[in-house]
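**Q** This structure is in structure tokens; I'll ask about it shortly.
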Amino acid sequence: MSRPRSRKRAYCLHKSSGRAYVTLDGKPVYLGHHGSPESVDAYDALMGEWIARGRQSAVPDEAAESASSALGTGLTITELVAAFITWARDYYSEPVIAADGSPELDDAGNPRRKPAGAYVNHTLALRPLVRLYGSTPAKEFGPLKLESLRSEALKPYGQTGIDPRTKKPRVIKCRGWSRRVANQNISRIRSAFKWAVSREMIPATVYSALLTMGPLEKGKGGARELPKVKPANQADVDRVLMLLPPTVAAMVQVEAITGMRPSEVCAMRGADIDRSNRARWTYTPTRHKTLAHDIERVIYLGPKCQKILTPMLRVGFIFSPRDPDTWRREQAAKSRTSEPTRKQLAAREENAKRHRFADHYTAQTYYRSIRYACKAAGLDQHWGPNRLRHLAATNIRKSHGLPGRHRC
């Protein structure tokens, strides 16, 4: 009986030089210093390509090889990504809006801008590309390398980070990409090469070749599937509402009624609400997800939302993180059996001066507030703001008898 072939070649040590190498077709391929993260990443990338080729070595075309040697190495993946990120930081950005609705200005008098979600998503998608193929010439990056990158990104891995409590390094276990995230991130990687082609940094054939790799289909490649987002249970929402500060509880109630996006409820300002019609207020967000597509976004606020928002209305941001902090202090004062000393009062005032609150909640801080309350309520399945949006859609569909899915 023949000996079965192993899935991967061994990661070996060249004792005289201290380098790591792997043997393919009887020839050693050196990867860098043995045990270094760079050599391990190079080994993973090389093995991914080797397996994708059916465990066969690459046979370079003589014409392509001579042309490559004549043109030189050229732009590397790391240089391409650095140039793209510099451009994307400005392109995928949005103005910072003050409480009065005017754009904030920097020291030079220019409008202050902040990175949008698209910039963050592109940055995260390009990390495996730099990690596995950072030193590879950009014009040599093809579909085979892209498929190898996707296979490696689907696997769980450990990432070194700093523990916020102990301030010491620790290894964070990451689950790897899911199938849907993999398809989205591969499109973002292609967009970086498309941008480089438009700037005449690499040949157009590089991007055209990357388009030949299709999306990862369901049940293929061993990719994990993310569960579908289901509506939050109304009973669980009611349990959590009793544990939330009044400000966050009002945000939850308004979102559950209207079905607006979490970022829209966080950025609500009194100046953006038209109250000319007493029966139906209209809220027009200054910034929203579909603004780049020139789509107008209008959210209607009925009597239920009006009752919740009326005690909190102001010209600026309605939901401020400072209000829950004040509420917690008041609750602690009610349960206190003795009066605080002068030293304790001075320490509190000093802490209050050093602690700077944001003007309004973000989608992340809003999400964390709900998660903490879900944990305090002892729920088996925690829910987040996006599930409130699905709950609102379900209630609207039931009350109006709408068939199928209904998008708010």
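**Q** Does segment 100-133 hold any residues that are hydrophobic (A, V, I, L, M, F, W, C), over 15 Å from the mean Cα position of the chain (by Cα) and closer than 28 Å to Glu152 by Cβ, and which are they?
**A** Applying the first criterion (hydrophobic (A, V, I, L, M, F, W, C)) to segment 100-133 yields 105, 108, 116, 118, 120, 124-126, 129-130, 132.
If we keep only those that are over 15 Å from the mean Cα position of the chain (by Cα) as well, we get 105, 108, 129-130, 132.
Of everything in segment 100-133, those that are hydrophobic (A, V, I, L, M, F, W, C), over 15 Å from the mean Cα position of the chain (by Cα) and closer than 28 Å to Glu152 by Cβ turn out to be Leu129, Val130, Leu132.
**Q** Residues to consider are Lys289, Lys230, Lys218; find the one that is basic (Lys, Arg) and either within 24 Å of Ser93 (Cα to Cα) or in a strand (DSSP E or B) (or both).
**A** Details: Lys230 fails: either within 24 Å of Ser93 (Cα to Cα) or in a strand (DSSP E or B) (or both); Lys218 fails: either within 24 Å of Ser93 (Cα to Cα) or in a strand (DSSP E or B) (or both).
Among Lys289, Lys230, Lys218, only Lys289 is basic (Lys, Arg) and either within 24 Å of Ser93 (Cα to Cα) or in a strand (DSSP E or B) (or both).
**Q** Could you go through segment 61-69 and let me know if any residue there is at pLDDT below 80, within 21 Å of Leu210 (Cα to Cα) and surrounded by 15 or more Cβ atoms within 10 Å (Cβ to Cβ).
**A** Yes, segment 61-69 contains a residue that is at pLDDT below 80, within 21 Å of Leu210 (Cα to Cα) and surrounded by 15 or more Cβ atoms within 10 Å (Cβ to Cβ).
**Q** Inside segment 375-390, can you point out the residues that are surrounded by 21 or more Cβ atoms within 10 Å (Cβ to Cβ) and in a helix (DSSP H, G or I)? Steps first, please.
**A** Taking segment 375-390 first, the residues surrounded by 21 or more Cβ atoms within 10 Å (Cβ to Cβ) are 383, 385, 388-389.
Answer for segment 375-390, where residues must be surrounded by 21 or more Cβ atoms within 10 Å (Cβ to Cβ) and in a helix (DSSP H, G or I): Pro385, Leu388, Arg389.
**Q** Which of the residues that make up segment 255-291 are surrounded by 17 or more Cβ atoms within 10 Å (Cβ to Cβ), free of Cβ contacts under 8 Å to residues at least 60 places away in the same chain and more than 19 Å from Pro103 (Cβ to Cβ)?
**A** Ile273, Trp281, Tyr283 - these are the residues of segment 255-291 that are surrounded by 17 or more Cβ atoms within 10 Å (Cβ to Cβ), free of Cβ contacts under 8 Å to residues at least 60 places away in the same chain and more than 19 Å from Pro103 (Cβ to Cβ).
**Q** Okay, moving on. Restricting to segment 10-31, count the residues that are under 16 Å from Ala45 (Cα atoms) and surrounded by 12 or more Cβ atoms within 10 Å (Cβ to Cβ).
**A** Qualifying residue count, segment 10-31: 10.
**Q** May I pose another question? Going by the conditions given, is Gly176 exposed (fewer than 10 other Cβ atoms within 10 Å of the Cβ), of a type in the set (Gly, Ala, Ser), outside the structural domain of Pro37 (by TED's automatic domain parsing) and on the phi > 0 side of the Ramachandran plot?
**A** Numbers: exposed (fewer than 10 other Cβ atoms within 10 Å of the Cβ): no; of a type in the set (Gly, Ala, Ser): yes; outside the structural domain of Pro37 (by TED's automatic domain parsing): yes; on the phi > 0 side of the Ramachandran plot: yes.
Taking the combined requirement at face value, the residue does not satisfy it.
**Q** Okay, moving on. All but one of (1) out of contact with any Lys or Arg (no Cβ under 8 Å at 6 or more places or on another chain); (2) of a type in the set (Gly, Ala, Ser); (3) closer than 30 Å to Trp281 by Cα hold for Gly316; state the number of the condition that does not hold.
**A** (1)
**Q** Hey, another quick one. Taking segment 259-276, which residues are under 16 Å from Tyr361 (Cβ atoms) and assigned to a helix (DSSP H, G or I)?
**A** Pro262, Ser263, Glu264, Val265, Cys266, Gly270, Asp272
**Q** Hey, among Ala279, Ala346, Ala358, Ala333, which residue is in a loop (DSSP other than H, G, I, E, B) and either more than 31 Å from the chain's Cα centre (by Cα) or among the aromatic types (Phe, Trp, Tyr) (or both)? Give the steps one after another, and end with the answer.
**A** On the way: Ala346 fails: in a loop (DSSP other than H, G, I, E, B); Ala358 fails: either more than 31 Å from the chain's Cα centre (by Cα) or among the aromatic types (Phe, Trp, Tyr) (or both); Ala333 fails: in a loop (DSSP other than H, G, I, E, B).
Of the residues listed, the single one that is in a loop (DSSP other than H, G, I, E, B) and either more than 31 Å from the chain's Cα centre (by Cα) or among the aromatic types (Phe, Trp, Tyr) (or both) is Ala279.
**Q** Let me ask something else. Test Arg322 against the stated conditions and say whether it is exposed (fewer than 10 other Cβ atoms within 10 Å of the Cβ) and more than 25 Å from the chain's Cα centre (by Cα). First the steps, then the outcome.
**A** On the way: exposed (fewer than 10 other Cβ atoms within 10 Å of the Cβ): no; more than 25 Å from the chain's Cα centre (by Cα): yes.
So Arg322 fails the test.
**Q** Next question. Mind checking which residues of segment 225-252 are charged (D, E, K, R) and touching a helix residue (DSSP H, G or I) at 6+ places or on another chain (Cβ under 7 Å)?
**A** The initial filter retains those residues of segment 225-252 that are charged (D, E, K, R), namely 225, 228, 230, 236, 238-239.
Selection gives Glu225, Lys230, Arg239.
**Q** Tell me which residues, restricted to segment 136-173, are surrounded by fewer than 14 Cβ atoms within 10 Å (Cβ to Cβ) and of a type outside the set (Lys, Arg).
**A** Listed by number, the residues that qualify are Pro156, Gly158, Gln159, Thr160, Gly161, Ile162, Asp163, Pro164, Thr166, Pro169, Val171, Ile172.
**Q** Which of the residues belonging to segment 165-186 are hydrophobic (A, V, I, L, M, F, W, C) and either within 21 Å of Gly142 (Cα to Cα) or in contact (Cβ under 8 Å) with a residue 40 or more places away in the chain (or both)?
**A** Narrowing segment 165-186 to residues hydrophobic (A, V, I, L, M, F, W, C): 171-172, 174, 177, 181-182, 186.
Those that are hydrophobic (A, V, I, L, M, F, W, C) and either within 21 Å of Gly142 (Cα to Cα) or in contact (Cβ under 8 Å) with a residue 40 or more places away in the chain (or both): Trp177, Val181, Ala182, Ile186.
**Q** Residue by residue through segment 191-229, note down the ones that are farther than 15 Å from Glu147 by Cα, in the same structural domain as Leu124 (by TED's automatic domain parsing) and of a type in the set (Val, Ile, Thr).
**A** Val197, Ile202, Thr205
**Q** Determine which single condition Ala58 fails, assuming it passes every other condition in (1) outside any loop (DSSP other than H, G, I, E, B); (2) modelled with pLDDT under 80; (3) of a type in the set (A, V, I, L, M, F, W, C).
**A** If we test Ala58 against (1) outside any loop (DSSP other than H, G, I, E, B); (2) modelled with pLDDT under 80; (3) of a type in the set (A, V, I, L, M, F, W, C), just (1) comes out false.
The values are calculated or read from the model by the stated rules, or taken from the named source; none is laboratory data. All figures in this text were calculated on a predicted structure; none of them were measured in a lab. Methodologically, a virtual Cβ is constructed for each residue, glycine included, from the backbone with ideal geometry; neighbour enumeration extends over all protein chains shown.
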